[in-house]
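Report on the structure given below.
The values are calculated or read from the model by the stated rules, or taken from the named source; none is laboratory data. This one's a predicted model, so the numbers in the text were calculated from it and none came from an experiment. Using ideal geometry, Cβ is built from the backbone for each residue, glycine included, and neighbour counts are taken over all protein chains shown. When the accessible area is computed, the model is the full protein with side chains, heavy atoms only, and any ligands, DNA or RNA have been set aside. Shrake-Rupley method; radii C 1.70, N 1.55, O 1.52, S 1.80 Å.
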Amino acid sequence: MTDVQPPVLEGSRCGVCDNVAFPRSRGCQRCGAEAMQVIDLGRRGTVWGFTVQRFAPKSPPYVPPADGFVPFAVGYVELPEGVKVEAVLDCDDVADLEDEAVVELVATTPVPRFTTTRVFQEV
Amino acid sequence: MSDVSIIGAGLSAFGRQPGVSGREMAVSAIRSALADAQLQWGDVQVAFGGSDGAGLADTLVADLGLTGIPFTNVKNGCATGGSALVSAVNAIRSGQAQIALAVGFDKHPRGAFDPRAEDWGLDAGYGDAGLMVTTQFFAIKIARYMRRHGITDQTLARVAAKAYRNGVLNPNAWRREAISEHDILTADMVNDPLTRYMFCSPGEGGAAIIVASEDVARSTGLRPVQLLSVATKTRRFGSFEVFSPAVQGTGEPTSVSSDAAAEAFQTAGVRPDEIGVAQLQDTESGAEIMHLAECGFCEHGEQEELIASGATEIGGRIPVNTDGGCIANGEPIGASGLRQVHEIVTQLRGEAGDRQVAGAPKLGFTHVYGAPGISACTVLGV
């Protein structure tokens, strides 16, 4: 058995005004301060907004999956720290993303990826 | 501050023009604006302009004449035209010049824009994952807005159908065929809830505006339109923009369009309900809906009834995008902001032909919005 660490997104918290940024920032967008503390962001959040990418984006830069493009959901997940993070959203049905659905982080690269908790619990 | 007026406005043709360069379109727009103002190129004392991807504006002098004037390149995304206009206005106000030119142009290849993640300060992974797609942003924003404010798909279709109808009436538009709301709604979905006919397409065209001091504007034979205000803004903290890896802050996002519009109205001493004709950035039909409220023409959520009532039609209470907007004219990034000003100048002069707003409107408004969170607004009057 290997110990698999759950994925985690790294953000930053402003040392002056507490504003939380993702990705980690060199300066605070709210107050302009430079003192940033690197923090791990919460792994569970709610869907703030989303759409569905129905057509394959232009390649390059898009790298489609090995078995070809399938439409995917993309949106923003509001984390407990208040920041809304852009992410690919895995789900069985896009309707599952409605009503501020709860989602959980499953990958951090190439971009953050969250999944609906229902799907997550089935895994 | 001294008064500044628009004394000349010109457009090139819009839409696909094989074999014609963006720079040639710019020259055509400038010559058209000069003719409108009854001026020669040698009369222009300072110039500002740019394109997003069709070359440098200051090279246009090779075709216009080497008169030695200062000519500054502007590159400000969708606000390129607006920023050039602000600079031209300030040149008049400062006394640097009596006659100044603003020009914008572009010639984009077919298909969606394909920006590089690295150019936007993002990790290359955003490109690999298929997130460097501008249309996703517009869809996420309007989808959330529709849920919160009770806007329906039918309203999205109404706005697009109006754009195509107005395009039919505009001899210079790219799209000149009406498309029914049914065909708009059932077209291929690009990013839910937006179908392909709800979006503008990257396009081609040039637009030029000549501004002048009060003394020059009083010359006989001119049809000056007063520039009551022009405001450009960048985003404040907490805004939601194209290619944002995150939206920071709590509560509802701030709007740079609201900021720019509010400043333009305040400087002009004009209220939104006094405006007789408006141009609002319609990158897609959802944008026009949201910008109606962001710019102060209605409350959030009122658009559903307002648009169904026909208020934004040419014959309505507040006609919006009478020339067909970006949806019917396409989006040559550098040119769109000045195309909007051209349309309002044309309407306020009563020269808009089949698409003329009745009742001789006295006040007009223009609004552009673009990445990465910029907006430029003007209030014009006669």
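Determine, yes or no, whether B:GLY104 is away from chain A (no Cβ under 14 Å) and on the phi > 0 side of the Ramachandran plot. Walk me through how you get there before you give the answer.
On the way: away from chain A (no Cβ under 14 Å): yes; on the phi > 0 side of the Ramachandran plot: no.
Spelling it out, it is not the case that B:GLY104 is away from chain A (no Cβ under 14 Å) and on the phi > 0 side of the Ramachandran plot.
Would you check which residues across the stretch B:276-306 are open to solvent by 10 Å² or more (accessible area, probe 1.4 Å) and farther than 19 Å from B:THR232 by Cα and list them?
Residues satisfying the conditions are B:GLY276, B:CYS298, B:GLU299, B:HIS300, B:GLY301, B:GLU302, B:GLU304, B:GLU305, B:LEU306.
Spot the failing condition for B:GLU241; the list is (1) part of a strand (DSSP E or B); (2) within 14 Å of another protein chain (Cβ to nearest Cβ); (3) not β-branched (Val, Ile, Thr), and only one is missed.
Tallying (1) part of a strand (DSSP E or B); (2) within 14 Å of another protein chain (Cβ to nearest Cβ); (3) not β-branched (Val, Ile, Thr), B:GLU241 fails exactly one: (1).
Does the stretch B:251-260 contain any residue that is outside any loop (DSSP other than H, G, I, E, B), open to solvent by 50 Å² or more (accessible area, probe 1.4 Å) and not hydrophobic (A, V, I, L, M, F, W, C)? Steps first, answer last, please.
Pass one, the stretch B:251-260, residues outside any loop (DSSP other than H, G, I, E, B): B:254, B:256-260.
Still in the running and open to solvent by 50 Å² or more (accessible area, probe 1.4 Å): none.
Checking the stretch B:251-260: not a single residue is outside any loop (DSSP other than H, G, I, E, B), open to solvent by 50 Å² or more (accessible area, probe 1.4 Å) and not hydrophobic (A, V, I, L, M, F, W, C).
Among (1) over 17 Å from the mean Cα position of the chain (by Cα); (2) closer than 27 Å to B:LEU348 by Cα, there is one condition B:PHE71 misses while meeting the rest; what is its number?
Evaluating B:PHE71 over (1) over 17 Å from the mean Cα position of the chain (by Cα); (2) closer than 27 Å to B:LEU348 by Cα leaves (2) as the failure.
For the stretch A:11-55, how many residues are within 12 Å of another protein chain (Cβ to nearest Cβ), without any contact (Cβ under 8 Å) to a residue 40 or more places away in the chain and open to solvent by 60 Å² or more (accessible area, probe 1.4 Å)?
Going through the stretch A:11-55 one residue at a time, the tally reaches 9.
Checking the condition in the same structural domain as A:ASN19 (by TED's automatic domain parsing) and either among the acidic types (Asp, Glu) or part of a loop (DSSP other than H, G, I, E, B) (or both), which residue from A:GLU81, A:GLU86, A:GLU34 passes?
Values: A:GLU81 fails: in the same structural domain as A:ASN19 (by TED's automatic domain parsing); A:GLU86 fails: in the same structural domain as A:ASN19 (by TED's automatic domain parsing).
That would be A:GLU34, the only listed residue that is in the same structural domain as A:ASN19 (by TED's automatic domain parsing) and either among the acidic types (Asp, Glu) or part of a loop (DSSP other than H, G, I, E, B) (or both).
Looking at B:ARG16, B:ARG31 in this structure, which one is open to solvent by 10 Å² or more (accessible area, probe 1.4 Å) and within 20 Å of the chain's Cα centre (by Cα)? Don't jump to the end; show me each part of the working.
Values: B:ARG31 fails: within 20 Å of the chain's Cα centre (by Cα).
One residue alone meets the criteria, B:ARG16.
Restricting to the stretch A:56-78, give me the number of residues that are assigned to a strand (DSSP E or B) and either open to solvent by less than 60 Å² (accessible area, probe 1.4 Å) or among the aliphatic types (A, V, I, L, M) (or both). If you could, list the steps in order and put the result at the bottom.
Here is the first cut: in the stretch A:56-78, the ones assigned to a strand (DSSP E or B) are A:72-78.
Subsequent filtering for residues that are either open to solvent by less than 60 Å² (accessible area, probe 1.4 Å) or among the aliphatic types (A, V, I, L, M) (or both) retains A:72-77.
Adding up the residues that qualify gives 6.
Search the stretch B:265-288 for residues being in a helix (DSSP H, G or I) and either of a type in the set (Asp, Glu) or over 17 Å from B:GLY370 (Cα atoms) (or both), and hand back the single one that is nearest to the other protein chains (Cβ to nearest Cβ). First the steps, then the outcome.
From the stretch B:265-288, those in a helix (DSSP H, G or I) are B:265-268, B:272-274, B:285-288; that's our starting set.
This time we only want the ones that are either of a type in the set (Asp, Glu) or over 17 Å from B:GLY370 (Cα atoms) (or both), so: B:265-268, B:272-274, B:288.
Numbers: B:PHE265: 27, B:GLN266: 25, B:THR267: 27, B:ALA268: 30, B:PRO272: 27, B:ASP273: 31, B:GLU274: 34, B:GLU288: 18 Å.
Ranking the candidates gives B:GLU288 first.
Does B:GLY68 satisfy the condition of being over 24 Å from B:HIS342 (Cα atoms), assigned to a loop (DSSP other than H, G, I, E, B) and in contact with a Pro (Cβ under 7 Å, 6 or more places away or on another chain)?
Working: over 24 Å from B:HIS342 (Cα atoms): yes; assigned to a loop (DSSP other than H, G, I, E, B): yes; in contact with a Pro (Cβ under 7 Å, 6 or more places away or on another chain): no.
No; evaluated as a whole, the condition is false for this residue.
If you scan the stretch B:120-132, which residues turn out to be closer than 17 Å to B:PHE240 by Cβ and either under 21 Å from the mean Cα position of the chain (by Cα) or more than 7 Å from chain A (Cβ to nearest Cβ) (or both)?
B:TRP120, B:GLY121, B:LEU122
Condition test on B:GLU331, is it of a type in the set (D, E, K, R), touching a residue at least 60 places away in the same chain (Cβ under 8 Å) and touching a Ser or Thr at 6+ places or on another chain (Cβ under 6 Å)? Walk me through it before giving the result.
Numbers: of a type in the set (D, E, K, R): yes; touching a residue at least 60 places away in the same chain (Cβ under 8 Å): yes; touching a Ser or Thr at 6+ places or on another chain (Cβ under 6 Å): no.
No; evaluated as a whole, the condition is false for this residue.
Does the stretch B:144-155 contain at least one residue that is within 20 Å of B:GLY77 (Cα to Cα), within 11 Å of chain A (Cβ to nearest Cβ) and over 20 Å from the mean Cα position of the chain (by Cα)? Before the answer, list the steps.
Of the residues in the stretch B:144-155, the ones within 20 Å of B:GLY77 (Cα to Cα) are none.
Looking through the stretch B:144-155, none of the residues is within 20 Å of B:GLY77 (Cα to Cα), within 11 Å of chain A (Cβ to nearest Cβ) and over 20 Å from the mean Cα position of the chain (by Cα).
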